[in-house]
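*Asks:* Before anything else, here's the structure in question.
No value in this document is a laboratory result; all are computed from the given coordinates. These numbers come from a predicted model, not from an experiment. Glycine also receives a Cβ, built like all others from the backbone with ideal geometry; neighbour counts cover every protein chain displayed.
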Amino acid sequence: MSGTAPVAPTGAGGAGPRRPVRAAIGLGANLGDAAGRLREAFDRIDAIADTRVLARSGLWRSAPIEARGPDFHNAVAIVETRLDAFSLLEALRRIEDDAGRERPYRNAPRTLDLDLLLYGDARIDAPPRLVVPHPRMAGRAFVLRPLLEVAPDATIPGIGPAAGQVDALAGQRADPV
Ligand code: ADP
Ligand code: MG
């Protein structure tokens, strides 16, 4: 992402204190009080150790893609973190679990889904555990629209400016709530 603080070395771990990295997190929910859950999730993300939320997008509403159930609510948080990407993902997973997330089958409806979209300008290829940039983000209006709301200059490493991707997705419904 452009306009960021100095970016830590690409990849996982590394000993010693890390310089803060700016990361983007995608939030989604389509069960129960989805909007309330997303608002709460922003606060939980802000409470992750060595991490603070710099910007919260508004809430967006989208039809499920490759998933089932009611409409999704989506949002994006920009954070500054000293955690490495794997630790940040673990912290997000704990927040999902606390929200009662169950994984009965792939693409099941979810109470809360937190995806690591961007981690500085890093490209991390450690499937299935972690792939950054999130491999499907560039094709999803419900990710790009809230991302551009809070980070209009965001760049997707290996792809290019996020703003250049969104026009092709005009057919996907994603509306501000
Ligand atoms: P979805 O792909 O619909 O978000 P899940 O949230 O259940 O599905 O994630 C499935 C797995 O994807 C997780 O176990 C996680 O380790 C892995 N994963 C790989 N890359 C990422 C990423 N960038 N952000 C979040 N999860 C990721
Ligand atoms: Mg996920």
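*Asks:* Need the failing condition index for VAL132 against (1) under 26 Å from ARG173 (Cα atoms); (2) within 11 Å of ligand 2 (Cβ to nearest atom), just the number.
*Replies:* Only one criterion in (1) under 26 Å from ARG173 (Cα atoms); (2) within 11 Å of ligand 2 (Cβ to nearest atom) is unmet by VAL132, namely (2).
*Asks:* Which residue pairs have Cβ atoms under 8 Å apart, sit 6 or more places apart or on different chains, and have a first residue in segment 84-110 that is on the phi > 0 side of the Ramachandran plot and a second that is away from ligand 2 (no atom under 11 Å from the Cβ)?
*Replies:* As it stands, the answer is GLY100/THR111; ASN107/GLU66; ASN107/ARG68, since those pairs meet every condition given.
*Asks:* To continue, here is another question. Of the numbered conditions (1) surrounded by 13 or more Cβ atoms within 10 Å (Cβ to Cβ); (2) free of Cβ contacts under 8 Å to residues at least 24 places away in the same chain, LEU130 satisfies every one except a single condition; which is it?
*Replies:* Only one criterion is unmet by LEU130, namely (2).
*Asks:* Could you pull out the residue among GLU96, GLU149, GLU102 that is outside any strand (DSSP E or B), within 11 Å of ligand 1 (Cβ to nearest atom), within 15 Å of ALA75 (Cβ to Cβ) and out of contact with any His (no Cβ under 6 Å at 6 or more places or on another chain)?
*Replies:* Exactly one residue qualifies, and that residue is GLU96.
*Asks:* What residue, among those in segment 29-70 that are exposed (fewer than 14 other Cβ atoms within 10 Å of the Cβ) and among the acidic types (Asp, Glu), is nearest to ALA151 (Cα to Cα)?
*Replies:* ASP43
*Asks:* Can you tell me which residues in segment 105-128 are closer than 23 Å to ASN30 by Cα and either near ligand 1 (Cβ under 9 Å from one of its atoms) or aliphatic (A, V, I, L, M) (or both)?
*Replies:* Selection gives ARG106, ASN107, ALA108, ARG110, LEU112, ASP113, LEU114, ASP115, LEU116, LEU117, LEU118.
*Asks:* Of all residues in segment 53-80 being part of a loop (DSSP other than H, G, I, E, B) and of a type in the set (Gly, Ala, Ser), which is farthest from VAL143 (Cα to Cα)?
*Replies:* By that ranking, first place goes to GLY69.
*Asks:* Turning to a different aspect of this structure: Filter segment 114-137 down to the residues that are among the basic types (Lys, Arg) and over 13 Å from the mean Cα position of the chain (by Cα), then identify the one that is nearest to VAL21 (Cα to Cα).
*Replies:* ARG123
*Asks:* While we're looking at this one, here's another question. If a residue must be within 13 Å of ligand 2 (Cβ to nearest atom), aliphatic (A, V, I, L, M) and within 18 Å of THR51 (Cα to Cα), how many such residues does segment 89-108 contain?
*Replies:* Matching residues across segment 89-108 total 3.
*Asks:* While we're looking at this one, here's another question. Among the residues of segment 45-61, count how many are within 15 Å of ligand 2 (Cβ to nearest atom) and either free of Cβ contacts under 8 Å to residues at least 60 places away in the same chain or within 18 Å of GLY32 (Cα to Cα) (or both).
*Replies:* Of the residues in segment 45-61, 0 are within 15 Å of ligand 2 (Cβ to nearest atom) and either free of Cβ contacts under 8 Å to residues at least 60 places away in the same chain or within 18 Å of GLY32 (Cα to Cα) (or both).
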